[in-house]
Structure formats: structure tokens, C-alpha cells
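Since the structure comes first, as C-alpha cells, the remarks are kept for the end.
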Amino acid sequence: MKVYRHLSQIVTLKSAFDKDGRHLVPTDLSLIQNGAIAFDDNKILWVGEDQDLPHEYQALKSFHGAGFVLTPGLVDSHTHLVFAGNRAREYSDRLNGADYQAIAQKGGGILHTMTKTLAASEEELFVLGVERLERMLSYGIKTIELKSGYALTREGELRLLQVAARLKKHFIKKLTLVSTYMGAHAVPASYKSSEDFVTQVVLPTMQEGHAQGLIDCVDVFHEQGYFSTQDVERIFATAHSLGLALKIHADEFQDNHGAALAATHGALSADHLLKTSTAGISALAQSPTVATLLPGTAFFLGKELPRARAMLDAGCKVAIASDYNPGSSHVDNLLLVASIAAPSLKLNQAELWSAMTLNAAAALGLKDRGALAKGLVPSFSLFKANDLSEITYNWGVSLSQPLP
Ligand code: NIG
Ligand code: FE
């Protein structure tokens, strides 16, 4: 059992938790000044003002938290961090006028990373993954989703899922990792159509990966030139029959009604949503599906940001994630992305912090974290600050501290 006392501030998000992460106002942060928290390995036992700490916890040796802010553990619910190589050249080409989709059509983009990833050994991919996750941990990120999707062959995708499983084991004490199978990320040139690729590779690999216990969620890139609505429906039907949770890359380059598709199928999240219509937004608002915004991608591709305010006002559960990948969003720092995006997206502080914790956890199907309250999992981030506002105010500077 552990006790932290006299924390300058505890950001509990208790009220946001009770409101299911929707329609939040700043007081839903449920801040505690001069706070204390007691917890064991599995759950939070008590949280409140230090002066109210029950006797049974007062006798224990504790961490003196003055000068520190404790928040629910940050959650990055959308990354593609298992890859080899880089696409700096394409970034340069885009600055010089080329377009992301046009680069992809010429065999660059995801297929370029596919070639590099297939050429790397499992050990190389594992070592790259360890380096990347250590860095994310240093920013205070505690729960991270990793997608496969840069191998796009049966053996290759299974290897990426195995790398994810090894990473889970390696970080078991420090991070919660969620493994998402995204065989439907792009269609390799050797297939006649996306439909063929789904039949020959995406579905059988999902079945095999599931049989080996390697998959937590299934994701699809639903976009013109990638996977159609029909492809999505086939993939979702198989995932559903295996009991796997669903996610979708939706409405990134144009409105393909991906948001409504996600809501209809009870997906955990619909991600990107740069072009989602008002009808799509209301479909999400009326569903448990989280609207996951990836502002890093909009910044990196020079696209307009999503209509966050419309989503929040309609009652959507909104999360923010990094979309860390070598092409469209080469950034691993969720706090930096969210901190830069918040003023443009017009998020209040409760919306901002729920987007990086509570709602991001919901986007991974994790209902046991994202707030600090008795009975929840003890996943925290600790920052050297006296007030929550300092954390994102210092954009690009990590105030995160290792947990005592
Ligand atoms: O979320 N949209 C699909 N996948 C990634 C891009 C991957 C890449 O360009 O390598 C994304 O933006
Ligand atoms: Fe993505």
C-alpha cells in the first residue's frame, strides 16, 4: 500500500467521470488542493483533502507531494508506433507542394513504410518499440494503444502483433498497452482490389491473431483509395464474431459517413473526423462511441482541424490522441499536441484533460481508469507543478516526474 500526501493539487475528474465525459464545464475537473491519496497495486483506496486522510493511512510512510500535481494517467489511444524507417523525404516533398494522397498513389506513404518494416527483424522492431515507449513514458503517458498495419502480409502482421505482445510483457509494471490489429491499413500493389486483400489477408490474419491471443481491438482505414464501406462491414462482422472491439479511421480526407458507421456498429471510437458532417456528429453524440481527434495529423498535413466545438456541444465524448506514425503525424508527445491544439479547438480545461485521460481510456474500452476515485485502477501521472494549468502552458516542456 502507498500513500501520497500534501499534493499541491489532485485532478480527480470525478465529476467528469460521473457525467460519462460529456458536456463538461471547468469544475468537472474536481480539483483537490493539498490532497492525499492511498492505493495498493490494484486500486485506489482513498482520495481527498489531506486533512481528512483516515487514521489507518496516516501511520504509513508517505511521499510528500507539495510542489506536485497528480492527474489520472495520460492515455494515448491511437498510435502506429511499431514501424521501421522514416518518411522525412515525403515530409519534405509535402512542404515543397506534394500531396499526402498523391504520394501514396505513387507507391509512397504507408506502402513505403511497409517495405522498411518487412525488411526489419522482429528484434529490431522490438528495440525500436522499447525506445519509443520509454520516451512516451517520460512524458507521463501511462496507457498506450499500438496498431499493427505496416506489414500487410499474413506472416508480417502476425509478427507485428507478436512484437506488441513482447512490448506488453516488457512494460508490464510501467504501462498498459492495448494491441490493435490494423491489417486493413493500405492495399499492397499486388492485390486486384481492397476486397481481395480483405478476403485473402485481412480476415484470415485476424482469425489467426485472435486464436493466438494477440488482438485487443480491430481498426480499419475507411477512405477512398483504401477501404470501402463494404470492406469495413466485412471486417467488423468478423471482428464482432470473435468478440473483438472495433475502431475506425473515419472521414479524414472526405466525409464517407464513417462516424455514423462507427456508431451503428458500436465501435469504441471513430478517429480523425476532419470532414465529418453534422449528421455524423449527432450519430456519435447519441452513441457510446468516442470521437477521437488527432490534431497532430491535421498540423502535419496542413489540414483544417476537426470541428471539436460542434462535437462537444452536441454531447460527444471527445478524446485526443497523437496518431504517432512515420507519415501523417510523426509526434509521440500527446501533451504537446493537445496543448497546442486546445486553444484552436476551443476546449475548456475539463474537456482538455478528459480528452487525454477519461475519454481516451473509454476509446480503448477501459472503464476502470481515467479518473481518480475509490475503486478505480491506480494509474496516475505526476507533474512538477503547483497547478494543473502549468502543465500544458509549458508546451513542449515535460514537467512529468517518475512516480515515487
Ligand atoms: O492515421 N490514416 C491512416 N493511417 C495513419 C497514417 C499512416 C501513414 O501515413 O503511415 C493515420 O494518419
Ligand atoms: Fe492513425
Exactly one of LEU293, LEU335, LEU376, LEU358 is at pLDDT 95 or above, farther than 30 Å from ASP41 by Cα and of a type in the set (A, V, I, L, M), and that one is LEU293
Being within 16 Å of ligand 2 (Cβ to nearest atom) and closer than 30 Å to GLN207 by Cα narrows LEU125, LEU152 down to just LEU152
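Yes/no per residue for (1) outside any strand (DSSP E or B); (2) free of Cβ contacts under 8 Å to residues at least 60 places away in the same chain; (3) within 16 Å of ligand 2 (Cβ to nearest atom):
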{"position": "ILE10", "(1), (2), (3)": "no, no, no"}
{"position": "ALA16", "(1), (2), (3)": "yes, no, no"}
{"position": "THR27", "(1), (2), (3)": "yes, no, no"}
{"position": "ASN34", "(1), (2), (3)": "no, yes, no"}
{"position": "VAL69", "(1), (2), (3)": "no, no, no"}
{"position": "ALA98", "(1), (2), (3)": "yes, yes, no"}
If we keep only residues of region 23-42 that are open to solvent by 40 Å² or more (accessible area, probe 1.4 Å) and under 23 Å from LEU388 (Cα atoms), then the residue farthest from the chain's Cα centre (by Cα) is ASN34
Picking from SER329, SER322, the residue that is within 16 Å of ligand 1 (Cβ to nearest atom), without any contact (Cβ under 8 Å) to a residue 40 or more places away in the chain and either touching an Asp or Glu at 6+ places or on another chain (Cβ under 6 Å) or of a type outside the set (Lys, Arg) (or both) would be SER329
A careful count of residues in region 130-147 that are open to solvent by less than 10 Å² (accessible area, probe 1.4 Å) and within 16 Å of ligand 1 (Cβ to nearest atom) gives 4
task = Can you confirm whether region 73-86 contains a residue that is out of contact with any strand residue (DSSP E or B) (no Cβ under 6 Å at 6 or more places or on another chain) and exposed (fewer than 11 other Cβ atoms within 10 Å of the Cβ)?
result = no
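Out of ASP231, ASP271, report the one residue that is touching a helix residue (DSSP H, G or I) at 6+ places or on another chain (Cβ under 7 Å) and within 16 Å of ligand 1 (Cβ to nearest atom).
After ruling out the rest, the residue left standing is ASP231.
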| said: When you check THR180 against the structure, is it open to solvent by 40 Å² or more (accessible area, probe 1.4 Å) and within 16 Å of ligand 1 (Cβ to nearest atom), yes or no? | reply: no
Of GLU351, GLU390, the only residue that is among the charged types (D, E, K, R), open to solvent by 20 Å² or more (accessible area, probe 1.4 Å) and either over 13 Å from ILE144 (Cα atoms) or touching a residue at least 24 places away in the same chain (Cβ under 8 Å) (or both) is GLU390
Scanning region 43-63 for residues that are open to solvent by 10 Å² or more (accessible area, probe 1.4 Å) and either out of contact with any strand residue (DSSP E or B) (no Cβ under 7 Å at 6 or more places or on another chain) or among the β-branched types (Val, Ile, Thr) (or both) gives LYS43, VAL47, GLN51, ASP52, HIS55, GLU56, GLN58, ALA59, LYS61
Cβ pairs under 6 Å, 6+ apart or interchain, first in region 281-303 and within 12 Å of ligand 1 (Cβ to nearest atom), second at pLDDT below 95 and open to solvent by 10 Å² or more (accessible area, probe 1.4 Å), ordered by first then second residue, are LEU301/TYR100
Considering region 208-219, residues that are surrounded by 14 or more Cβ atoms within 10 Å (Cβ to Cβ) and out of contact with any His (no Cβ under 7 Å at 6 or more places or on another chain), and then whichever is farthest from THR180 (Cα to Cα), we arrive at GLU208
Apart from one, (1) outside any helix (DSSP H, G or I); (2) over 22 Å from ASP323 (Cα atoms) all hold for GLU390; the odd one out is (1)
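The values are calculated or read from the model by the stated rules, or taken from the named source; none is laboratory data. Since the model is a prediction, treat every value here as computed from it, not as a measurement. Note that each Cβ is placed from the backbone with ideal geometry, even for glycine, and that neighbours are counted across all protein chains shown. Accessible surface areas use protein heavy atoms only, side chains included; no ligands, DNA or RNA. Shrake-Rupley method; radii C 1.70, N 1.55, O 1.52, S 1.80 Å.
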